[in-house]
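Quick note: the coordinates plus some simple rules give every number you see, no bench work behind them. In this text, all values refer to a predicted model and were calculated from it rather than measured experimentally. Here the Cβ is made from the backbone with ideal geometry for all residues, glycine too, and neighbour counts use every protein chain on show.
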Amino acid sequence: MTCLPKNPTEKKLGLVIDLDICVGCHACAVNCKEWNTAGKSAPLTDYDPYGKKPDGVWFNRIHTYETDDGQGNGTTVHFPRSCLHCEDAPCVTVCPTGASYKRTEDGIVLVNEDICIGCKLCSWACPYGAREYDEAEGVMKKCTLCVDKIYNENLPETSRVPACVSTCPAGARSFGDLGDPDSEVSKLVAARGGVELMPEQGTKPVNRYLPPRPRKKGEEGKAPRMLNHSDDSADGAGLIARWVDKILS
Amino acid sequence: MGLNPFETVKEEVGLSPKVSDEVKTSTCYMCACRCGIKVHLKNGQIRYIEGNPDHPVNKGVLCAKGSSGIMHQYAPAKLTKPLLRTGERGSGEFKEIEWDEALELATEWLGDVRQRDPGKLAFFTGRDQSQSLTGWWATKFGTHNFAAHGGFCSVNMAGGGLYTLGGAFWEFGEPDFERTKYMMMFGVADDHDSNPIKLGLGNLKSRGDAKFVSVNPIRTGYSAIADEWVGIRPGTDGLFIFALIHELLRAEKIDFASLARYSNAPWLVIREEGAADNGLFLRNEDGHPLVWDLASGGPVSGMAAEFSPAFAGEREVLGRTVVPSFQILAERYMSAEFSPEAVAETTGIPAEVTRRIAAEIAEAAFEQEVVIDQPWTDAWGRKHEKMIGRPVAFHAMRGISAHSNGFHTCRAIHILQALIGSVDTPGGWRYKPPFPKPAPPGIKPAFPKAEAATPLDGPPLGFPRSPDDLVVDQHGDPLRIDKAYSWEYPLALHGMMHMVLHNAAKQDPYGIDVLFMFMANMAWNSSMNIPETLGYFTKKDENGEYVIPKIIYSDAFWSETVPYCDLILPDTTYLERHDAISMLDRPISTAHGAGDSIRQPVIEPDRDVRPFQTVLLDLGARLGLPGMVNEDGSPKYPGGYADYIVNHERSPGIGPLAGWRGTDGEKEGVGEVNPNQLERYIENGCFWSQDLPHSAQYFKHSNREYLDHAVKMGWIGHADPITFHLYNEDLQRFRLAAQGHGEKQPPEQHRTRIETYFDPLPIWYQPFLEAEEGGDEFPVHALSQRPMHMYHSWGSQNAWLRQITSANKLHVHHKLAAKHDLKDDDYVWIQNSRGRVKAQVKLVDGVNENVVWTWNAIGKRKGAWGLDKDSPETTKAFLLNHIITEQLAPGADGHAYSNSDPVTGQAAWYDLRVQLQKCAPEDATEEGARFAPLPDRTSKVVNKGRYGAQLTGEDTGGAAPLREFIGQRSANASAIPGIRPGRGNQVEEDA
Amino acid sequence: MHPAKSVIFFTTASGAGYGMMVWLAVLAALGLVPADMAFGLFAFGIGFTLIVGGLLSSTFHLGHPERAWRAFSQWRSSWLSREGVSSVVAFLPLGLFALSWVVMGENGGNAALLGLVGAAMSLLTVFTTSMIYAQLKTIPAWHNGWTVAGYLVLGPMNGAVIVLLLAQAFGYAEAASLLRMAALGLLVAALLVKLAYWARIHGGRVTSTAGSATGLGHLGKVTMSASPHDTDNYLLREMGFRVARKHAAKLRPIAIVAGFLLPFALIALTHSIVGGNAAVLALALAWLLCQVGLYVERWLFFAEAKHAVTLYYGEQAV
Ligand SMILES: Nc1nc2c(c(=O)[nH]1)N[C@H]1C(S)=C(S)[C@@H](COP(=O)(O)OP(=O)(O)OC[C@H]3O[C@@H](n4cnc5c(=O)[nH]c(N)nc54)[C@H](O)[C@@H]3O)O[C@H]1N2
Ligand SMILES: Nc1nc2c(c(=O)[nH]1)N[C@H]1C(S)=C(S)[C@@H](COP(=O)(O)OP(=O)(O)OC[C@H]3O[C@@H](n4cnc5c(=O)[nH]c(N)nc54)[C@H](O)[C@@H]3O)O[C@H]1N2
Ligand code: SF4
Ligand code: SF4
Ligand code: SF4
Ligand code: SF4
Ligand code: SF4
Ligand SMILES: [Mo]
């Protein structure tokens, strides 16, 4: 049913991405590709692997942005982008076939590729560019929140995590139930002021982004702005003279 | 599935598909970080590679390169069979031959040289992770002309550290990320310690109680997440550090107690201008340096346990005029020349920023001491109740080391750490076993033997401490083909691979017979000057013979270098072979303890290739090299490298692997050969690690428990404390020689150079090439950086990674772009007196206004790497290497030095200066072929872009309960109530 | 948005076809045309060809046309599904209407009633088509009433022009004069709606920004300094289409002149000045121009529409 689940889903599984420590290494994107290319949506087709236009299906893409407040405070921020498993997922409601759906159990938004007609409308409806059409297979694909990994009884516990999460070298990605205010991810989001992307689109995304922390430029710390010189003699001669018989305490 | 068009079809999602038939652990080699991996195999193919959560290096994480190992394995660029050149060098014409023929041929070529003059074999191994094998092989072969790629990589970093603290960054040491309060990083893009740095920075920032400063002309990657980005002008870090030292000295924010105990700061230096021992330490009859003890009012041995040393004051001692070395240091750096104001213009860092950072360092070091309640005993037997840390940690890499003034700058960074007393303290920078070693370690470079078929007396590479240790002839001329350890580059500890082709082609200092290379793309991205280097490969003498007569090369891929060599020994991939990441070499230790690891073949080669190390041992046996054959002449390691890893003993009880030694596998470090050693490694995830007791984890340089342990493990020869050499007497010995003292003196032409650059305390000078070309004409610094998701040239053959980056752009600051009327995607010439390369520009803010930069090693030669001829790597991407140079302009005497550091011979990649010129409209197109295309050569592997379709698994039906995963869990736990400590989805309290 | 030929053809053609059906029903209900078999054959022939051709072409861009039937299932939530259902349902009254007209020679009474139901279904179908676009918040250019108004007026306008041509050719003067007034009126109305649409999309209204897309707006201006991929990907091909400003500025007058002004002038000409075969020719030309104009209009409809995802790729606001 491409109507969204009527009641809130039992769980709201999602990702929390910490823009303060993401170094833009693309590990999450590649590991995602690696897991999923033989996962539920296998394969994530590559179109021209060794040619002029290398391109293919990815569920996670890493952008880099620069910000500028016009006052000389610029930052560079790395920004991973994948499906946010929206509560009011427009990609689901527009789908004419029921191929796009949101799971009632955990809120994961998936595509049933066996019935997808490849009309692409869902990708038009998603503001976040989270849907990628497999041009070779003619069906829509997207982040599965690694549904075939997170519950997988054939994997050890430590691997039962979205691929992008467990692989992130910076530890910038967390995963859990964002519908439960007592969950650890919810606490992380609350403590760090996690934000929704494009709330104005009305999609009610589940994933949260933790904004870069205010940079410690030194103005705010305990340290003085400069050190007191013990002696102002030219080239420190006075200091050296004092050290000649200075006994260490 | 019904045919009712109004029916909603509900999907049954398999929550528990079977992932693999088998999971094998091994060690990643998509870069040199050497993370632990778990490889899931299905139907004999690779289903998934993930990080090994138990591994000390990566703790379960895996970077983009590691995660794309599948596409590395299935790349069409793989070589498939031994090749013998049939056309001219560079033509790429080869015939495939059988291994027998290849090995016979190689044996013949090598055997000939060995019988004539073993030194005429130049054996250079690039990205070699088996240098303890290759170095040993060279020793036994009898050639001193051996090195790996360190000379063009980061020997300034290694040398600067080893000659100062007996350790350095990367494998030698690491910041105490979890405790530091102030972290400064100089010139790092991704670095070798790729994943640990990311784990560490994430931890540091998530804790929220530390500040992270990145000093780098470019604000990407790590610099992007820094609290403060200091966009320094390239090549000027030395001045910036001197200014920090200046401030700290003048404010007396110096840990004198630590200096007294651990460093040579109080040691008395003879200060008698003109004396043959001027600038050397005053020593007693035991050879111990002396300090002036203020308590007793007289000189005592610097090795004594208790004294109250003077840090200043010229005194007469034993009839000599002496002064504590600290005074010389203080005089130099307190001088007005190095005040924050004085260096501001050159570094581009405003004086108030430098001053503030100095104040912050002081505040973190002295007001935020980290105290661990852990008693420990120092080298002199004194007990300490607590471990007191000065939580300021530094890390630096090629942004410092790839300049021709890098050695001194590296030393300056280490000296700064010693001055504030943070070395190997909690929150500081820490050694990784087997470091610290004496500064410098005791091994000396072997001197060549002039005899046929005779092994060297020791390893070709070592640590010279005086002119006596140089590898020069009686005229003072170089004896090594790369001129390492000569008067031109006396401390070229890692050799100078970047000069080998140049020197061999010019027969300067002499010609060689065979060049044998392994794993280095010398005809392309690891050459400093591609057009000329290709000429060196192909240069012929008047008889029409190649000047470098024979070139044997082992590569695993159809790289740009393969076509320029004569005999190709195709290697396996990292997933197909055994390997040892050994304590004898560059282990995987952390500051917590030692560790080493192995690779095991996880997949069978589908081509006629052999592991290089196995081939090398085979060649050794065929040549009858000592140690590689039994008494009856039969091969000693018929089982190849795996056999060697287990059974080779470098000295009794010490072999390539330290874990599970002894016949029953109960010994660590030293012990008899254990025939089941590899099985034990595999059972443990292909690594061995040994955590030091807490009481031995810090102050390792002077920690009795640690030092005794290190001796027991065979890491150091004796358990004496390791002194920090702020003032470096070894350097002074070279300078004295240049000043005319002693028997061994530099040839006249090098005298001033030695005198200038062998200063016992760090100096700063404008980098050579920059000084040569740095005027108004070439005002812009051009840098390259490693993309985190690509490894040099290997990345581009990877079907996934090249989807991220296939064409590098030149990043230009908006203001600089405005000067040249450049907009995004405009084409520009990057030019200097040697030539020009074309690039498309990308305008950015996060870069020093005088700097342009691009990603390293994306540009490819047409035909190489299994890529189509019109791939962006060959039409749009570019290398700066086309306009760098391996050689500086000749001086007045006609002599040209290498474009390298004058102390260590480190290649000065980042001294490049250029000018930009917007392309005329007719030029503003994709670049045509810069060099003739190489013929294609691809393995039969066909990747139709549908990898994985065949590897999905049956659902087994069940659903395991969910687990939350918190990135940086332990750090977040300390900062956010309600988050439980642990790692990822493993919570401590559950354990 | 990428202006896909198949979708442009589909929306313009089926719009015209449904528009024709509306006018045929009106003519029948008002008794302005007898159930002339030849006229019926022509009119329904063209009309159904346009509708069916359009619908068929809309399946060309599907990844799995053979599964297109599944698109009927989600009428409860999906406008695309509703369009599918509506278009098929419309065939029932329209088909019966056409049958009774052409085969049974009856277009009054119950037949006319069927025609009016078919006309209503046609308008409903056009409406559902418009809603497929108008519902998309991600494309603010489409997410407004002018999109719906545009479709609702352009289809009947286009249909009026075609049926007018036929009425003129078959010499049904009364019908022709009604259609002439309708066509002229709708051409004006449609132009006004389009002008209003363009005014709206260039009116500087902003739904989302690079700042809100990245959550970094509080840090100042947000620009992309590195793309996740060096070559184009699906998102850029499908949604990242950029029409050059000067291109759009050139094409819009073409759409206005060919789509509305010239047809208006030609039709007006046939009101009093030209008649007979010349009038038929003029109206045929009007149809042709109108079709070209609407094709350009529809191309711009896609090409000028910015999708929110472009905010991640360097666009500042949509
Ligand atoms: N402009 C510029 N140039 C630079 C640098 C820079 O910063 N800027 N950095 C320099 C530095 S520090 C370095 S270390 C060099 C690196 O440059 P290289 O050492 O040349 O590194 P790679 O390009 O990775 O090439 C190594 C070769 O090893 C081959 N290879 C890969 N895997 C295997 C294997 O398993 N077995 C064998 N036998 N061969 C294999 C590859 O095919 C390739 O030909 O580049 C240097 N060049
Ligand atoms: N992903 C990936 N990882 C790698 C490699 C790879 O190819 N890819 N290669 C490995 C190898 S061989 C090496 S040697 C290491 C090198 O590791 P890094 O040292 O991290 O490598 P570089 O890319 O050379 O980065 C040099 C950095 O120094 C900055 N820089 C340049 N000049 C100056 C300067 O004068 N002062 C300061 N403060 N900064 C400066 C540059 O902006 C750049 O950020 O990386 C290793 N790790
Ligand atoms: S793996 Fe982590 S650090 Fe790397 S790009 Fe992804 S989120 Fe950022
Ligand atoms: S992010 Fe896009 S694809 Fe994912 S649920 Fe939201 S709207 Fe759908
Ligand atoms: S492309 Fe597939 S999933 Fe998306 S809307 Fe169309 S049928 Fe549904
Ligand atoms: S949750 Fe899984 S599918 Fe989604 S981006 Fe992460 S790795 Fe990819
Ligand atoms: S950092 Fe990446 S490429 Fe390097 S060894 Fe680790 S996982 Fe492999
Ligand atoms: Mo390197």
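Here are a few things to note about the model shown:
- Restricting segment B:48-111 to GluC sites (Glu not before Pro) that sit in a DSSP loop and have at most 11 other Cβ atoms within 10 Å of their own Cβ leaves B:98.
- Modelled label reach - residue B:672, point 7 Å along Cα→Cβ, segment B:618-645 residues with backbone N closer than 19 Å: B:644-645
- Contour excess over end-to-end distance, with Cα ends at residue B:955 and residue B:209 and 0.36 nm allotted per residue: 263.9 nm
- Lys/Arg +1, Asp/Glu -1 at C-beta; segment B:42-144 dipole; positive extreme among B:105, B:51, B:135: B:51
- Here is how the number arises for chain B: DSSP H runs of 4 or more residues each give -39500 (n - 2.57), the sum is divided by the residue count, and the result at 222 nm is -6500 deg cm²/dmol.
- Gyration tensor verdict on chain B (Cα atoms; rounded if a/c is under 1.5, prolate if a/b is larger than b/c, oblate otherwise): rounded
- Between residue B:980 and residue B:373, the C-beta separation translates, for a Förster distance of 22 Å, into a calculated FRET efficiency of about 0.40.
- Between residue B:382 and residue B:777, the distance separating the two model label sites (each 7 Å from Cα on the Cα→Cβ line) works out to 6.0 nm.
- Taking amide H atoms as placed 1.01 Å from N in the peptide plane, the amide H of residue B:215 lies under 5 Å from those of B:185, B:186, B:187, B:230, each 5 or more residues away in sequence or on another chain.
- Extended-chain gain in nm, criterion 0.36 nm per residue less alpha-carbon gap, residue C:89 and residue C:284: 67.1 nm
- Those aspartates and glutamates that a straight Cα-Cα span of less than 15 Å connects to residue B:819, excepting residues fewer than 8 apart in one chain: B:776, B:777, B:845, B:849
- In this simple spin-label model, placing a label point 7 Å from the Cα along the Cα-to-Cβ direction at both residue B:98 and residue C:181 gives a separation of 9.9 nm.
- The phi-based Karplus calculation (6.51 cos²θ - 1.76 cosθ + 1.60; θ = phi - 60°) puts the 3J(HN,Hα) values of segment C:107-116 at 10, x, x, 4, 4, 4, 4, 4, x, 5 Hz, whole numbers, x for Gly and Pro.
- Checking the Cα-Cα distances for B:65/B:712; A:53/B:823; A:216/B:809 against a 28 Å cut-off, the pairs over it are B:65/B:712; A:216/B:809.
- Convex hull volume per residue in cubic angstrom - Cα atoms of the protein assembly as shown: 185 Å³
- Measuring max minus min along each principal axis, the C-alpha atoms of chain A give extents of 87, 48, 44 Å (largest first).
- Restriction of the GluC sites (Glu not before Pro) in segment A:151-249 to DSSP coil positions whose beta-carbon has at most 11 other beta-carbons within 10 angstrom yields A:219, A:220.
- Cβ-based charge dipole, the protein assembly as shown, positive-most Cα from B:408, B:517, B:561: B:561
- Computed magnitude of the charge dipole of segment B:768-923 (debye, nearest 20; Cβ of K, R +1, Cβ of D, E -1): 660 debye
- Each label point was placed 7 Å from the Cα along the Cα-to-Cβ direction; for residue B:22 and residue B:748 their separation is 7.0 nm.
- Range in chain A, longest, excluding exposed trypsin sites (Lys or Arg not before Pro) [loop by DSSP; at most 13 other beta-carbon atoms within 10 Å]: A:7-221
- Bridges between two residues of the protein assembly as shown, per DSSP, are antiparallel at a rate of about 70%.
- Amide H partners (placed H, <5 Å) of residue B:593, local residues excluded: B:692
- Applying a DSSP loop filter and a limit of 12 other Cβ atoms within 10 Å to the trypsin sites (Lys or Arg not before Pro) in segment B:910-986 leaves B:940, B:944.
- Here's how it looks for residue B:148: its modeled amide H is under 5 Å from those of B:125, which are all 5 or more places away or on a different chain.
- In summary, the aspartates and glutamates within cross-link reach of residue A:217, defined as a Cα separation below 14 angstrom excluding same-chain residues under 8 places away, comprise B:209, B:227, B:228, B:352, B:360.
- Partner aspartates and glutamates for residue B:667 [C-alpha distance under 17 Å; skip if fewer than 8 residues away on the same chain]: B:596, B:649, B:679, B:683, B:691, B:708
- Cα-based helix-to-principal-axis angle, A:27-36 vs chain A, degrees rounded to 10: 20 degrees
- Segment residue B:275-residue B:3, extension gain: residue separation times 0.36 nm, minus the distance between their alpha carbons: 87.7 nm
- For segment B:821-835, the Karplus equation 6.51 cos²θ - 1.76 cosθ + 1.60, evaluated at θ = phi - 60°, returns couplings of 6, 9, 10, 3, 6, 5, 8, 9, 8, 9, 9, 8, 5, 8, x Hz by residue, with Gly and Pro reported as x.
- Here segment B:312-340 is scanned for amide nitrogen atoms under 13 Å from the site 7 Å beyond the Cα of residue A:234 along Cα-to-Cβ, giving B:335-337.
- Counting only alpha carbon atoms, the long axis of helix C:37-60 and the longest principal axis of chain C meet at about 20°.
- For the cross-link pairs A:52/B:869; B:815/B:860; B:181/B:205; A:120/A:149; B:432/B:700, the ones whose C-alpha atoms lie over 20 Å apart are B:815/B:860; A:120/A:149.
- Cross-link pairs beyond the 26 Å C-alpha cut-off, checked among B:539/B:862; B:876/C:250; B:95/B:140; A:11/A:40; A:12/A:187: B:876/C:250; B:95/B:140
- Charge dipole (Cα centre; +1 on Lys/Arg Cβ, -1 on Asp/Glu Cβ; no other charges) of segment C:5-313 amounts to roughly 1080 debye.
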